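Undergrad: Can you keep this structure in mind? I'll have questions shortly.
The values are calculated or read from the model by the stated rules, or taken from the named source; none is laboratory data. Fair warning: this is a prediction, and the values are worked out from it, not measured in the lab. Neighbour counts are summed over all protein chains in view; Cβ atoms, including those assigned to glycine, are modelled from backbone coordinates with ideal geometry.
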Amino acid sequence: MKIGIVVFPGTNRERDMAQAFQVASGKAPQMLWHQQDNVDGFDLIVLPGGFSFGDYLRSGAMAAHSPIMRAVRQFAEKGGYVLGVCNGFQLLTEAQMLPGALLRNAGMRFLSQDCHLKVEGRDSIFTAGWERGAVFRAPLAHGDGNYTAAPEVLDQLEGEGRVAFRYCDAAGQVKHHDAHVNMNGSARSIAGVLSENRRVCGLMPHPENLTEDILGGTDGLPLFNGILEGLG
Amino acid sequence: MKVRVFVYLKNGVLDPQGKAVEHALHSLGFEEASDVRISRVVDLHVKANDAAAAKEQGEKMARVLLANEVIEDFRVEVSA
């Protein structure tokens, strides 16, 4: 199995992501530079967190037009698996590989803290590591995490089981208007979404940062176990 | 030709920055201010034969990169 992690100027979570896959699979993923123009032979492409191109213009906007993203788009169109975390999620929306957009956090502040997520996505390797409805803790760190999309798009995502993860409290209660729970003000508390074919997933929080006891817990590990099992 | 691209959030899209500025204006005594929205202006030059062509180029740039049409609208103005 071959996993590639894309590195843009300003990416800073690629090694966290590589370590998480190393822990889960015993094998190191390969780093891919953004100017590369093909991703042939990979089973999964990961777009990690950071501040690609300084988040100039809009978060992820420049990276979405880099040479490697043309290859990643073609890879996804042929059924390839793509995971975008944080800046990677913003990038996937800018590249229109996932619906919606990520606005400035509702409270205007950069958030760096733990959150809780409820697993809601159906039929996806990105949620397969948990029981549906499971709640897990994940760190988050972003300034632009306020998910938005047209109401009919939100309805469609919910109707098709394509809301992968939702912000909730430790007890699993979703509270759209509680800034302690839905911290960035996301529409319908959406923290992560799936593409139509369920093979592209984007989420704002960082499960990769809770994958070993030395990091404070393994709450994020099911993401990686589910992916690896799904890829076979 | 000079091209000026105005990029602004669509109606109905929450603008937390505008909200914060509105609060600040109110606390400075400008209580008459409402519906504060922050937008972006991108100035650039293009080589074009006429204003219509320059405008078209600006609009294309806005659609491809300068604006995200999921959340933003844009308007292009051209001057010599």
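Undergrad: Given the structure, is residue A:14 among the charged types (D, E, K, R) and free of Cβ contacts under 8 Å to residues at least 12 places away in the same chain?
TA: no
Undergrad: Kindly provide the set of residues from the stretch A:207-232 that are surrounded by fewer than 24 Cβ atoms within 10 Å (Cβ to Cβ), touching a Gly at 6+ places or on another chain (Cβ under 9 Å) and under 19 Å from residue A:12 (Cβ atoms), ordered by number.
TA: Result: A:210, single match.
Undergrad: Here is a follow-up. Quick test for you: out of B:62, B:20, B:33, pick the one residue that is in contact (Cβ under 8 Å) with a residue 40 or more places away in the chain and at negative phi.
TA: None of the other options fit; the residue is B:62.
Undergrad: Given the residues A:181, A:163, which is the only one that is in contact with a helix residue (DSSP H, G or I) (Cβ under 7 Å, 6 or more places away or on another chain) and surrounded by 14 or more Cβ atoms within 10 Å (Cβ to Cβ)?
TA: After applying the criteria, what remains is A:163.
Undergrad: I'd like to check something: does the stretch B:66-75 contain any residue that is surrounded by 16 or more Cβ atoms within 10 Å (Cβ to Cβ), more than 14 Å from every other protein chain (Cβ to nearest Cβ), farther than 21 Å from residue A:93 by Cβ and touching a strand residue (DSSP E or B) at 6+ places or on another chain (Cβ under 8 Å)?
TA: no
Undergrad: Here's another thing I want to ask about it. Return only the number of the condition from (1) small (Gly, Ala, Ser); (2) within 14 Å of chain B (Cβ to nearest Cβ); (3) farther than 22 Å from residue A:44 by Cβ that residue A:133 does not satisfy.
TA: (2)
Undergrad: Every residue in the stretch A:50-108 that is among the β-branched types (Val, Ile, Thr) and away from chain B (no Cβ under 14 Å), please.
TA: Answer for the stretch A:50-108, where residues must be among the β-branched types (Val, Ile, Thr) and away from chain B (no Cβ under 14 Å): A:68, A:72, A:82, A:85.
Undergrad: Related question: When residue A:156 is evaluated against the numbered criteria (1) under 23 Å from residue A:200 (Cα atoms); (2) within 13 Å of chain B (Cβ to nearest Cβ), which criterion, by number, is the only one it fails?
TA: Failed condition: (2).
Undergrad: Any idea which of (1) surrounded by fewer than 23 Cβ atoms within 10 Å (Cβ to Cβ); (2) at pLDDT 95 or above; (3) over 16 Å from the mean Cα position of the chain (by Cα); (4) not small (Gly, Ala, Ser) is the one residue A:144 doesn't satisfy?
TA: The number of the failed condition is (3).
Undergrad: For a quick check of your reading of the model, give me the residue pairs whose first member lies in the stretch A:207-219 and is within 16 Å of residue A:112 (Cβ to Cβ), whose second is of a type in the set (Val, Ile, Thr), with beta-carbon atoms closer than 8 Å and at least 6 apart or on different chains.
TA: Short answer, once both residue conditions are applied: A:207/A:85; A:208/A:85; A:210/A:218.
For (1) free of Cβ contacts under 8 Å to residues at least 40 places away in the same chain; (2) within 15 Å of the chain's Cα centre (by Cα), each residue gets a yes or a no:
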residue	(1), (2)
A:88	no, yes
A:93	no, yes
A:99	no, yes
A:105	no, no
A:112	yes, no
A:121	no, yes
A:139	no, yes
